[in-house]
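Written out below as structure tokens is the structure these notes cover.
The values are calculated or read from the model by the stated rules, or taken from the named source; none is laboratory data. Everything quoted here is computed from the prediction, not taken from an experiment. Neighbour counts run over all protein chains shown; Cβ positions are idealised from the backbone, glycine included.
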Amino acid sequence: DPETLLDRLAVCAESGCEPLPLDLEQALLRLPPNPTPDLAERAKGIGSAAAAVVVARWFERGAPPPPEVELTWTLDLGSRVVPYDDHVLDRRGIANVSWPPVEPTGLAGLDALLTAPEMRPFRRVSRHFWPGMTPHHRELAAAHLAIGLIDRFDPPDITIDDLRNLTLAEGASGPATALVLAYFLTVKGDDAVPPLLQLAAKGALPAAETGRLLGLFGRRTRYEADLALPSLELAAKQGAHAEVWTILHHFLAVFLPREGERAQRPHTDTVVLATDIATWTGARGEIPEVAAHSKKRGSTSLIRACRSLHQFLTREA
């Protein structure tokens, strides 16, 4: 609360004290991000250097824009780094999260907090505080939680409570938020449904990215992506059917077997669920990967399921 911060700065000034620099800088991260010139004028009149210079300038400019988080994948074969949705090569690997440097604020501690770490943090170093430290920058908090989440080590050092806290934050969602959500959909199932619903209610659910990542989980990780299907069905039944359809649409595009790959029961189960959700939402529009399977010769369960879904999506008005 900006008013609370100003009140506390006034108490410091009356006591002849300046706030500790890192405490103040972390407080700035928790302020609403928009400029507030009226509060800047009040800060200038408090009588402390911190209020007159640091806080007043922050209120005048507003928070720096959040960084654009990028998700890439280092594959086992040759340590090749590829975009996370690159389908050229599928091998077990490590998901990498990074972001370019943000515009310097001039505050050393704050600039360090906004800088991407050069390496995965040690497990003993807690990352659970990030959603609370950057409550208006959800994707930045998710990026810190996502570092090292999908790698060769286990268990990851985040919990379902970290996902719940991400839903309480504000700001944009992107691939890092999607990675955390996709992970918990596969390992925690129904516990991940309330956070999914809350993100959907806020219009902040990265549905397409979540679907693509679930597909990649089935190809590049030890996690079985189809374990998320009952939870996705539950989320659809609880009102997020449009968002779940978007997830499944992009899930299928990555998850379905490609040329030379054998179809498995989870492939068919995913198409069958997608058909149900498409019916609920009245979805339309061809999914090329589904269309390709629907046109194959034969009558395997996957081919029949794809024909049913393809016919529904391409029906005439």
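General remarks:
- Selection of region 171-203 for residues being under 12 Å from the mean Cα position of the chain (by Cα) and either assigned to a loop (DSSP other than H, G, I, E, B) or surrounded by fewer than 21 Cβ atoms within 10 Å (Cβ to Cβ) (or both) yields 171, 172, 173, 174.
- Every pair of residues 6+ apart whose Cβ atoms lie under 6 Å, when the first sits in region 266-289 and is more than 25 Å from residue 223 (Cα to Cα) and assigned by TED's automatic domain parsing to the domain that holds residue 308 while the second is among the small types (Gly, Ala, Ser) and surrounded by 13 or more Cβ atoms within 10 Å (Cβ to Cβ): 281/242
- Condition check for residue 24: in contact with a helix residue (DSSP H, G or I) (Cβ under 8 Å, 6 or more places away or on another chain) and modelled with pLDDT of 90 or more: yes
- Restricting region 1-20 to residues that are within 38 Å of the chain's Cα centre (by Cα) and assigned to a loop (DSSP other than H, G, I, E, B), the residue that is nearest to residue 135 (Cα to Cα): 1
- Flag if residue 227 is surrounded by 13 or more Cβ atoms within 10 Å (Cβ to Cβ) and in the same structural domain as residue 193 (by TED's automatic domain parsing): yes
Residues are listed down the side, and each one gets a yes or a no for (1) in a helix (DSSP H, G or I); (2) under 24 Å from residue 238 (Cβ atoms); (3) of a type in the set (Gly, Ala, Ser):
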position	(1), (2), (3)
260	no, no, yes
266	yes, yes, no
272	yes, yes, no
276	yes, yes, no
280	yes, yes, no
286	no, no, no
296	no, no, no
299	no, no, yes
310	yes, no, no
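- Cβ-Cβ distances below 7 Å connect the following pairs, each with a first residue in region 156-168 that is assigned by TED's automatic domain parsing to the domain that holds residue 179 and within 16 Å of residue 185 (Cβ to Cβ), a second residue that is charged (D, E, K, R) and assigned to a helix (DSSP H, G or I), and a separation of six or more residues or different chains: 160/191; 166/138.
- Matching entry among 161, 151 (being surrounded by fewer than 24 Cβ atoms within 10 Å (Cβ to Cβ), among the acidic types (Asp, Glu) and more than 19 Å from residue 93 (Cα to Cα)): 161
- A count restricted to region 293-317 and to residues that are more than 14 Å from residue 264 (Cα to Cα), in contact (Cβ under 8 Å) with a residue 24 or more places away in the chain and small (Gly, Ala, Ser) stands at 1.
- Within region 131-157, tally of residues that are at pLDDT 85 or above and of a type outside the set (Lys, Arg): 15
- Verdict on residue 227 being of a type outside the set (D, E, K, R) and under 21 Å from residue 139 (Cβ atoms): no
- Residue that is nearest to residue 13 (Cα to Cα) [pool: residues in region 26-67 that are in contact (Cβ under 8 Å) with a residue 60 or more places away in the chain and not hydrophobic (A, V, I, L, M, F, W, C)]: 26
- Meets criteria (basic (Lys, Arg), without any contact (Cβ under 8 Å) to a residue 12 or more places away in the chain and assigned by TED's automatic domain parsing to the domain that holds residue 150) for residue 237: yes
- Contact map, region 177-200: residues that are among the hydroxyl-bearing types (Ser, Thr, Tyr) paired with residues that are modelled with pLDDT of 95 or more and not in a helix (DSSP H, G or I), Cβ distance under 6 Å, separation 6+ or inter-chain. Pairs shown: 177/206.
- Region 21-32, residues that are surrounded by 15 or more Cβ atoms within 10 Å (Cβ to Cβ) and over 23 Å from the mean Cα position of the chain (by Cα): 24, 25, 27, 28
- Within region 160-170, the only residue that satisfies the criterion of being in a loop (DSSP other than H, G, I, E, B) and within 18 Å of residue 147 (Cβ to Cβ) is 169.
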